[in-house]
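Read through the structure below, which is laid out as structure tokens, and then see the notes.
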Amino acid sequence: MRLKNIPGARERIAESQFVVQDPKAFKGKWNTKFDNQGEIHIEVGMGKGRFLMEMAKRNPTINYIGIEMYSSVLLRAVQKMEEESLENLTFILIDAREIEDIFEKEEISKIYLNFSDPWPKDRHAKRRLPSRQFLQRFSMVLKKEGVIEFKTDNRSLFDFAVEETEPAGWEILEISYDLHKEERMMKDNVMTEYEERFSSMGNPIFKYIIRKIYK
């Protein structure tokens with residue numbers, strides 16, 4: 001469920017130092033934004049930013065970019081950054097379908113998809129972030145050794161995501177149908193707001209890590 005429209009959210013975001021206002025200008029040179037040569041990890045559909053902020057704190061040598069298409073949602077992350085800014089984290093307000101216009105080939109080392117919109121109607125399947133259409137887009141900006149990590153509590157979406165990997169030319173490196181009961185995969189796990197809520201209700205969390213197959 002998305003936040004209701006917040007009046008003035010887009011204007012606040014347009015004035016924020018934590019949001020890149022012209023992301024296309026950094027295509028192929030995002031390391032200049034962070035002023036270092038560290039890896040770049042992105043979260044597509046970052047929500048309120050809790051996951052990425054914690055990741056950025058834990059891994060100061062990695063650069064993080066949060067992508068969100070809803071201004072009222074991104075505003076919550078901006079407000080958190082105003083309270084505790086992190087030099088290795090920045091945000092972008094775009095539709096993920098524009099990702100190839102924002103990043104150069106092999107510019108990204110890892111992509112996170114956390115509790116993505118399930119788009120339950122069949123006719124909207126190509127809008128799902130783990131769909132083969134999006135996997136193709138992601139493969140264009142991800143390094144050859146790069147991976148996608150996907151978590152959700154939605155079994156139907158997860159089954160769909162798993163089924164999409166092979167025809168899209170990806171391989172599953174790790175998979176769990178009850179993440180919080182697997183000690184090895186839970187190591188260094190950072191929970192999102194949704195993950196904490198759903199797991200506290202006893203719902204299993206599903207996760208996979210996948211990599212593009214290059215022949």
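Accessible area ranking (1.4 Å probe, heavy atoms, ligands and nucleic acids excluded), largest first, for Ile175, Ile148, Ile6: Ile175, Ile6, Ile148. Remark: spin-label model distance Gln37-Gln21 equals 3.2 nm, labels positioned 7 Å along the Cα→Cβ axis.
Take every DSSP beta bridge whose two residues both sit in the chain; close to 40 percent of them are antiparallel. Output the pairs from Lys57/Lys187; Lys187/Lys207; Lys33/Lys144; Lys24/Lys144 with a Cα-Cα distance over 19 Å in this structure; if there are none, say none. Violating the 19 Å limit, Cα to Cα: Lys33/Lys144; Lys24/Lys144. A Gaussian network model of the chain, with springs between Cα atoms under 10 Å, assigns the largest mean-square fluctuation among Glu182, Glu164, Glu193 to Glu182.
Between Arg97 and Glu183, the simple label model (points 7 Å from Cα in the Cβ direction) yields a spacing of 4.6 nm. Here's the picture: a label point sits 7 Å out from the Cα of Glu174 along the beta-carbon direction, and within the range 184-215 the residues with their amide nitrogen under 16 Å of it are 184-192, 205-212.
List the chymotrypsin sites (Phe, Trp or Tyr not before Pro) in the range 113-215 that DSSP assigns to loop (not H, G, I, E or B) and whose Cβ has at most 13 other Cβ atoms within 10 Å. Which are they? Walk me through the numbers before you get to the answer.
Numbers: sites: Phe115, Phe134, Phe138, Phe150, Phe158, Phe160, Trp170, Tyr177, Tyr194, Phe198, Phe206, Tyr208, Tyr214; in loops: Phe115, Tyr177, Tyr214.
Passing sites in the range 113-215 are Tyr214.
Kindly report the accessible area of the chain per residue (heavy atoms of protein chains, probe 1.4 Å, no ligands, DNA or RNA), in Å².
Details: 11370 Å² over 215 residues.
Normalised by residue count, the accessible surface of the chain is 53 Å².
How many percent of the accessible area of the chain is carbon or sulfur, using a 1.4 Å probe? Spell out each step's value before the answer.
On the way: 5220 of 11370 Å².
That fraction is 46 percent.
Solvent exposure of Asp35, expressed as accessible area, is near 130 Å², computed with a probe of 1.4 Å over the protein chains only.
The values are calculated or read from the model by the stated rules, or taken from the named source; none is laboratory data. The structure presented is a predicted model; accordingly, all values stated were derived computationally and were not measured. All Cβ positions, glycine included, derive from the backbone under ideal geometry; neighbour counts span all protein chains shown. Remember, those area values only see protein heavy atoms, side chains included, never the ligands or the DNA or RNA. Shrake-Rupley method; radii C 1.70, N 1.55, O 1.52, S 1.80 Å.
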